[in-house]
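Worksheet: one structure, shown below.
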Amino acid sequence: MNPPQSATARAQANSADPAVAGLERPTPAGANAPGFGSDIIADALRSLDIPYIALTPGASYRGLHDSIVNYLGNSKPQMLLCLHEEAAVAIAHGYAKVTGKAMATAVHSNVGLLHSTLAIFNAWCDRMPVVVLGATGPVDAVKRRPWIDWIHTARDQGALVREYTKWDDQPASPGAAREALLRGTWIANTAPQGPVYINFDAELQESKVGEPLPPIDVARYMPDVATAAPSEQIKQAAALLKGAKQVLMLAGRASRSEEAWNARVQLAEALGARVVTDLKIGASFPTDHPLYAGAPRAISADSVEGFKNVDVILSLDWVDLAGALRSYGPAPSVKVIQVSLDHRIHNGWSMDHQALPAVDLLLSADPDLVVPELVKEIGKSAKPHAVPSARKTSDKEPTGFTNEHIARALRKVLGDRPVSYLGLPLSWDDSWVTFRHPLDYVGSNGGGGVGGGPGIAVGAALALKGTGRLPIAICGDGDFLMGVTAVWTAVHYKIPMLFVLANNRSFYNDELHQERMARARNRPVENKWIGQRMSEPEVDLAAMGRAQGAVGFGPVTKPADLADILQKAVAEVDAGKVAVVDVRVEPGYTAVMTAAMTRAGS
Ligand SMILES: Cc1ncc(C[n+]2csc(CCOP(=O)(O)OP(=O)(O)O)c2C)c(N)n1
Ligand SMILES: [Mg+2]
């Protein structure tokens, strides 16, 4: 018998789920030697140990498609058919959020790549690895079929995504294609992680090859890249932290590792540091810990007890350190330590690098490797600290019908059951549900590209199969509608999960912006809904789930009905189904949320 695995270890095991592996078995092709360029590419793909390739098909890679089905037997990697390229890449993005490793995707020529661009951008901003494969051509014009091969061949196709991928290539021979796959996967998985794009000439895939390539030891082409900090810097950081009156820890981007999570808690406890987390990224600190101070909105000198005494800020790869420092407004005497590798990926096209923070000490290293070293250096508890009392979730019944009702009903239905939140709506408040494990929440779409939610959730739920965790995605209606076909892929590949839709029948976030404009210009605020509300007709989101084979519930129009319906939906997920619950919340955000979302630049 295998030894018991932790949820994180199970999710990272990188093997295809047995239920998925039994699906879409091809008729064996019989004696099957590698005979074509795409067979060599398929061999290289298999050597990468990637369990799945999410794809939307197209003739530009029909050679590779054939090789995966008939040469590899649709296994290692196994195809996951997606109804839109944006879903294919989003699924790989979600899978990486849980496993920390890249999955493959394939998108057709320039057109499939164009469809996938937003999802690639989301993965880029989220620093998540994805290996995107594509195709073009035949590059040799005399080999092209009339019309279609011409419109679907682009010079420098990689230029479409070069500014938000870490690397791209268009190899010109089977040997170069193998090398590109090794290099691309290695680069994608190396911190800071991100998507890569490899484009295969149609002719290269379909051409016959004589000799097979000589075998290689793949591991030697993908060496580990050291991302620890030098001990001298660890000592410097530890000295600053130990000497501090009050440390503020900004717990930013982190892996899903339980050991790293525990080390972060130990460090905070040793320092008595107050800790802030960010719903843009995965859970990084227990939100019921007495030292936990809240989400980024809490970052201001007078918001939390003890903050005004802060004299050292420790950023563990915080997404927007300069922005956090600006809201906190620290006195110049406050020392700032930044632990991050992110500067290595900044390229100046996208401003996702954020403003340049003023720091006193930069550890250009992986925070998950730095924190345990700091714990060792500082000792379990450097000095006694007054421990504040842990935050409590509000017992007050909210008014109207809001996202807070969804949170309350889920708390009631789920109790202490292990749950992974695979997405939360924009207006979510971090106090509504508690995170106690790195897999309790996997973070947002990263790039603010609405429509990523459903696909990311499906990929994350796939990676969570076998962990015993209940996968839940809470999506805004706008987000769900833009990415809705990912539901079909979840149903088809038997990926049980729960979608709860915070359906306010509006792109409500933008109503707030119209409200802001109207107020600033002294114009009628009551017009803010025009061009925003999705009513007359209201879209039946449960039916959109049902149409794709999910079990649809709702519309739920009364808070009192919500818990019972969610209970039924959870029972369906436990029975292996995909459940979609349409909850008709009222348009409107809390005052705090409204202020945070529409604040001006300065
Ligand atoms: C691709 C894309 N289009 C438009 C936007 C602008 N935008 C930001 S939030 C938002 C509304 C999203 O609607 P929904 O998911 O229903 O959430 P709600 O704001 O209603 O809570 C829009 C349209 C965006 N960020 N991304
Ligand atoms: Mg909405």
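The values are calculated or read from the model by the stated rules, or taken from the named source; none is laboratory data. If you're wondering where the values come from, they're calculated on a predicted model, not measured in any experiment. Neighbour counts run over all protein chains shown; Cβ positions are idealised from the backbone, glycine included. Just so you know, the surface numbers come from the protein's heavy atoms only, side chains and all, with ligands and any DNA or RNA stripped out. Shrake-Rupley method; radii C 1.70, N 1.55, O 1.52, S 1.80 Å.
Just to be sure, is Ser420 crowded, with 21+ Cβ neighbours inside 10 Å, closer than 28 Å to Met351 by Cβ and either touching a residue at least 24 places away in the same chain (Cβ under 8 Å) or not basic (Lys, Arg) (or both)? The answer is no for Ser420.
Matching residues to (1) farther than 26 Å from Ala239 by Cβ; (2) among the small types (Gly, Ala, Ser); (3) modelled with pLDDT of 95 or more:
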{"residue": "Ala270", "(1), (2), (3)": "no, yes, yes"}
{"residue": "Lys280", "(1), (2), (3)": "yes, no, yes"}
{"residue": "Gly294", "(1), (2), (3)": "yes, yes, no"}
{"residue": "Ala301", "(1), (2), (3)": "no, yes, no"}
{"residue": "Leu314", "(1), (2), (3)": "no, no, yes"}
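May I ask you to verify whether Gly415 is farther than 25 Å from Ala293 by Cβ, surrounded by fewer than 21 Cβ atoms within 10 Å (Cβ to Cβ) and in contact with a Gly (Cβ under 9 Å, 6 or more places away or on another chain)? Criteria not met by Gly415. Arg516 meets each of the listed conditions (1) within 18 Å of the chain's Cα centre (by Cα); (2) more than 16 Å from ligand 2 (Cβ to nearest atom) apart from (1). Residue check: Ala571 meets all listed conditions (1) in contact (Cβ under 8 Å) with a residue 12 or more places away in the chain; (2) more than 16 Å from ligand 1 (Cβ to nearest atom) but one, namely (1). Among the residues examined, Glu211 does not qualify as surrounded by fewer than 17 Cβ atoms within 10 Å (Cβ to Cβ) and not in a loop (DSSP other than H, G, I, E, B).
Applying a threshold of 6 Å to beta carbon distances and a minimum spacing of six or more residues, or different chains, the list of pairs starting in region 53-78 at a residue that is at pLDDT below 95 and ending at one that is open to solvent by less than 20 Å² (accessible area, probe 1.4 Å) is empty.
What pairs come out if I take residues in region 498-512 that are in contact (Cβ under 8 Å) with a residue 24 or more places away in the chain and at positive phi and pair them with residues that are more than 8 Å from ligand 2 (Cβ to nearest atom) and not in a strand (DSSP E or B) whose C-beta lies under 8 Å away, six or more apart or interchain? Qualifying pairs under 8 Å: Arg505/Ser535; Arg505/Glu538; Arg505/Val539; Arg505/Arg584. Please specify each residue of region 160-174 satisfying the condition of being open to solvent by 20 Å² or more (accessible area, probe 1.4 Å), under 15 Å from Ile40 (Cβ atoms) and assigned to a loop (DSSP other than H, G, I, E, B). Result: Ala172, Ser173. Given the condition outside any loop (DSSP other than H, G, I, E, B), over 30 Å from Phe480 (Cα atoms) and open to solvent by 10 Å² or more (accessible area, probe 1.4 Å), answer yes or no: does some residue in region 44-55 qualify? Yes; the residues of region 44-55 include at least one that is outside any loop (DSSP other than H, G, I, E, B), over 30 Å from Phe480 (Cα atoms) and open to solvent by 10 Å² or more (accessible area, probe 1.4 Å). Flag not set for Ala177, criterion: surrounded by fewer than 24 Cβ atoms within 10 Å (Cβ to Cβ) and closer than 21 Å to Thr105 by Cβ. So, Arg183, is that one open to solvent by 10 Å² or more (accessible area, probe 1.4 Å) and either in contact (Cβ under 8 Å) with a residue 60 or more places away in the chain or part of a loop (DSSP other than H, G, I, E, B) (or both) or not? Taking the combined requirement at face value, the residue does not satisfy it.
Filter region 19-43 down to residues that are open to solvent by 50 Å² or more (accessible area, probe 1.4 Å), touching a strand residue (DSSP E or B) at 6+ places or on another chain (Cβ under 9 Å) and in contact (Cβ under 8 Å) with a residue 60 or more places away in the chain, then give me how many there are. Here the count works out to 1.
All of Gly447, Gly452 fail the test of being within 13 Å of ligand 1 (Cβ to nearest atom) and surrounded by fewer than 24 Cβ atoms within 10 Å (Cβ to Cβ), apart from Gly447.
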